[in-house]
Amino acid sequence: MTPAELTPDELKRYQWQLWVRDFGQEGQRRLKGASVLVSRIGGVGGSAALHLAAAGVGRLVIAHAGNLRLDDLNRQTLMTTDWIGKPRVESAERRLRELNPLVEIETVAENVSEANAAGLVARADLVVAAAPLFTERLLLNREAVRQRKPLVDCAMYDLEGRVMVVLPGQTACLACLYPEPPANWKREFPVFSAVSSTVGSLAAMEAIKLIARIGSASGGLAGRLLTFDLRDMSFRTIAIARRADCSVCGDLRS
């Protein structure tokens with residue numbers, strides 16, 4: 001992540017966030033010089049990508065296979081009704097460019113797999129894992145740890161959400177928490193857009209803080225799992241210890 005100089009247009013566009021304490025022009029330059037992979041770009045990942053683009057991340061790599069369906073539209077805020085039957089990544093690219101044409105958008109019309117996980121992670125400085133399937137999230141976790149890229153893992157179910165930050169060699173990884181994908185987990189589950197957008201927004205803020213070096217890693221979600229339930233508006237963070245026997249990060253050193 002190389003800090004880049006800001007143009008007069010960028011100084012004007014991002015003016016209000018430049019007033020944020022511990023951010024300023026240096027933080028904005030770091031965002032401009034960074035690349036972030038978001039997979040996938042549905043309800044959670046789409047919201048994360050939207051806020052990262054608004055903040056001025058220099059390059060977004062968005063990965064998601066398949067065409068838009070009518071039943072996606074209750075939550076996938078980068079999609080529009082006129083795009084039903086067309087590739088999701090194309091709708092997402094269009095909406096992100098409309099919001100901020102200064103951000104470079106790279107689209108990959110694929111979901112994460114054994115064949116592409118390493119290559120996808122290699123394209124970015126930081127990874128946001130927002131896939132609904134544990135197999136994909138664990139693959140991104142494995143490759144992020146192997147390539148020593150920060151990972152923001154985020155998920156939701158019903159009115160509940162979870163966000164966790166992995167700093168390879170410093171914190172627990174997702175495999176410390178889930179050595180194997182949970183049994184009987186399905187891709188389809190109950191969801192409101194307001195819940196998935198909340199999770200995506202929190203994930204985007206963690207990514208922004210890591211890139212711009214706002215605050216300290218220990219003050220964010222590095223090594224901690226944030227869980228919330230919007231039914232009763234309860235929020236808590238849980239410290240996650242690294243497992244010495246973790247097959248992904250057990251032998252890794254900072």
Next on the checklist: For region 95-110, which positions are buried (at least 17 other Cβ atoms within 10 Å of the Cβ) and touching a helix residue (DSSP H, G or I) at 6+ places or on another chain (Cβ under 7 Å)?
Outcome noted: L96, N100, V103, I105, T107, V108
Checklist entry - In the set E180, E206, which member is within 15 Å of the chain's Cα centre (by Cα) and charged (D, E, K, R)? => result E206
Checklist entry - Among the residues of region 73-94, which ones are surrounded by 19 or more Cβ atoms within 10 Å (Cβ to Cβ) and either touching a His at 6+ places or on another chain (Cβ under 6 Å) or charged (D, E, K, R) (or both)? => result R75, R88, V89, E93
Checklist outcome for this item: Contact list, first residue from region 55-76 and over 28 Å from Y14 (Cβ atoms), second anywhere and of a type in the set (K, R), beta-carbon distance below 7 Å, six or more apart or interchain, is G66/R88; N67/K86; N67/R88; L68/K86; L68/R88
Next on the checklist: I want to confirm something. Restricting to region 111-120 and keeping residues that are touching a residue at least 60 places away in the same chain (Cβ under 8 Å) and within 11 Å of L37 (Cβ to Cβ), which single residue is surrounded by the fewest Cβ atoms within 10 Å (Cβ to Cβ)?
Outcome noted: L120
Next on the checklist: Name the residue that is surrounded by the fewest Cβ atoms within 10 Å (Cβ to Cβ), counting only residues in region 147-170 that are outside any strand (DSSP E or B) and at pLDDT below 95.
Outcome noted: G169
Next on the checklist: Of the residues A131, A124, A144, A92, only one is among the aliphatic types (A, V, I, L, M), outside any strand (DSSP E or B), within 15 Å of the chain's Cα centre (by Cα) and at pLDDT below 95; which?
Outcome noted: A131
Checklist entry - What number of residues within region 121-136 are surrounded by fewer than 23 Cβ atoms within 10 Å (Cβ to Cβ) and closer than 25 Å to R75 by Cα? => result 5
Checklist entry - Going through region 1-19 one residue at a time, which ones are surrounded by 14 or more Cβ atoms within 10 Å (Cβ to Cβ) and among the aliphatic types (A, V, I, L, M)? => result M1, A4, L6, L18
Next on the checklist: Step by step: first the residues of region 57-74, then only those that are outside any helix (DSSP H, G or I) and farther than 26 Å from A124 by Cα, then the one that is farthest from the chain's Cα centre (by Cα). Which residue is that?
Outcome noted: R69
Next on the checklist: Going by what's in this entry, would V191 be described as closer than 28 Å to F23 by Cα and either within 12 Å of the chain's Cα centre (by Cα) or not hydroxyl-bearing (S, T, Y) (or both)?
Outcome noted: no
Next on the checklist: If I filter region 20-50 down to residues being over 24 Å from L139 (Cα atoms) and surrounded by 20 or more Cβ atoms within 10 Å (Cβ to Cβ), which single residue comes out as nearest to the chain's Cα centre (by Cα)?
Outcome noted: L31
Item to check | Single condition E114 does not satisfy, out of (1) more than 13 Å from the chain's Cα centre (by Cα); (2) not in a loop (DSSP other than H, G, I, E, B) | outcome: (2)
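Yes/no matrix, rows are residues, columns are (1) in contact with a Phe, Trp or Tyr (Cβ under 8 Å, 6 or more places away or on another chain); (2) within 16 Å of A241 (Cα to Cα):
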residue	(1), (2)
R146	no, no
K149	no, no
D158	yes, no
T171	no, yes
E180	no, no
A183	no, no
Checklist entry - Given the structure, is A54 surrounded by 20 or more Cβ atoms within 10 Å (Cβ to Cβ) and assigned to a helix (DSSP H, G or I)? => result no
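The values are calculated or read from the model by the stated rules, or taken from the named source; none is laboratory data. Worth saying up front: this structure is predicted, and the values here are computed from it rather than measured. Glycine also receives a Cβ, built like all others from the backbone with ideal geometry; neighbour counts cover every protein chain displayed.
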